[in-house]
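One structure below.
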Amino acid sequence: MDSITKQRIALLHPKVTQEVTKIIEEIDQSLNGRAKVRIAQGIRTKEEQDALYAQGRTKPGKKVTNAKFGQSFHCYGLAVDIVLIVDGKEASWDITKDWDNDRIADWTECVNVFKKYGWDWGGNWKSLKDYPHFEKTYGYTWKQLLQKYNEMEFISGSTYVLL
């Protein structure tokens, strides 16, 4: 696991940090070829989420999210986006490539490990599929989490919502 991934995991909600570490380690063991998984995005600030939402609407670019601040599990540290790093340098979001030649797309191997731990995959969404995205909801909706956030129901001494 690379240092960037470790740094991004450390900022996630405390309830998922150990599990995400275990998931990434398991994926890295199964991907025995040229690709390794990296957390491309973890927790997002209000400013970061608002900027992504503005893209393709009030700012240039194509739409990349339908979620305003509070509507994404990224806002609570309960979501990650991944990318495959090929040969230690090239970022790839190719969901069909099999760099380890085991006849299973490397991306599918990642999805399978996340699913094994109960994470929802953005590739299963009906609209605006988000293949790099995984989230752990613990049975909460974003509306419930936003209410906790607005009511400052946080883990003591933090800004992580109490689950």
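The values are calculated or read from the model by the stated rules, or taken from the named source; none is laboratory data. These numbers were taken from a predicted model, which means no experiment stands behind them. Cβ sites come from the backbone with ideal geometry, for glycine too, and all protein chains shown count toward neighbours. Side chains are part of the model used for accessible areas, which takes the heavy atoms of the whole protein and leaves out ligands, DNA and RNA. Shrake-Rupley method; radii C 1.70, N 1.55, O 1.52, S 1.80 Å.
Overview of results
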{"item": "Flag if Gln29 is touching a helix residue (DSSP H, G or I) at 6+ places or on another chain (Cβ under 7 Å) and on the phi < 0 side of the Ramachandran plot", "result": "no"}
{"item": "Criterion violated by Arg103 - all others in (1) under 19 Å from Arg38 (Cβ atoms); (2) part of a loop (DSSP other than H, G, I, E, B); (3) at pLDDT 95 or above satisfied", "result": "(1)"}
{"item": "Output for the range 1-54, where each listed residue is assigned to a loop (DSSP other than H, G, I, E, B) and closer than 25 Å to Ile104 by Cβ", "result": "Met1, Asp2, Leu31, Asn32, Gly33, Arg34"}
{"item": "Failed item, numbered, when Ile4 is tested on (1) hydrophobic (A, V, I, L, M, F, W, C); (2) touching a residue at least 24 places away in the same chain (Cβ under 8 Å); (3) crowded, with 19+ Cβ neighbours inside 10 Å", "result": "(3)"}
{"item": "Filtered residues of the range 111-163 (kept if of a type in the set (Lys, Arg), touching an Asp or Glu at 6+ places or on another chain (Cβ under 9 Å) and open to solvent by 80 Å² or more (accessible area, probe 1.4 Å))", "result": "Lys116"}
{"item": "Options Lys126, Lys97, Lys143: the member that is among the basic types (Lys, Arg) and part of a helix (DSSP H, G or I)", "result": "Lys143"}
{"item": "Where Thr137 falls short, out of the listed (1) of a type in the set (Val, Ile, Thr); (2) in contact with a Ser or Thr (Cβ under 9 Å, 6 or more places away or on another chain); (3) under 13 Å from His13 (Cβ atoms)", "result": "(2)"}
{"item": "In the range 22-68, the residues that are open to solvent by less than 40 Å² (accessible area, probe 1.4 Å) and of a type outside the set (Gly, Ala, Ser)", "result": "Ile23, Ile24, Ile27, Asp28, Leu31, Val37, Ile39, Arg44, Gln49, Thr65"}
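So that you can scan it fast, the table gives a plain yes or no per residue for (1) under 15 Å from Val37 (Cα atoms); (2) out of contact with any strand residue (DSSP E or B) (no Cβ under 8 Å at 6 or more places or on another chain); (3) modelled with pLDDT under 95:
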position: Leu78; (1), (2), (3): no, no, no
position: Asp81; (1), (2), (3): yes, no, no
position: Trp93; (1), (2), (3): yes, no, no
position: Asp98; (1), (2), (3): yes, yes, no
position: Glu109; (1), (2), (3): yes, yes, no
position: Asp120; (1), (2), (3): no, no, no
position: Lys126; (1), (2), (3): no, yes, yes
position: Gly139; (1), (2), (3): no, yes, no
position: Lys143; (1), (2), (3): no, yes, no
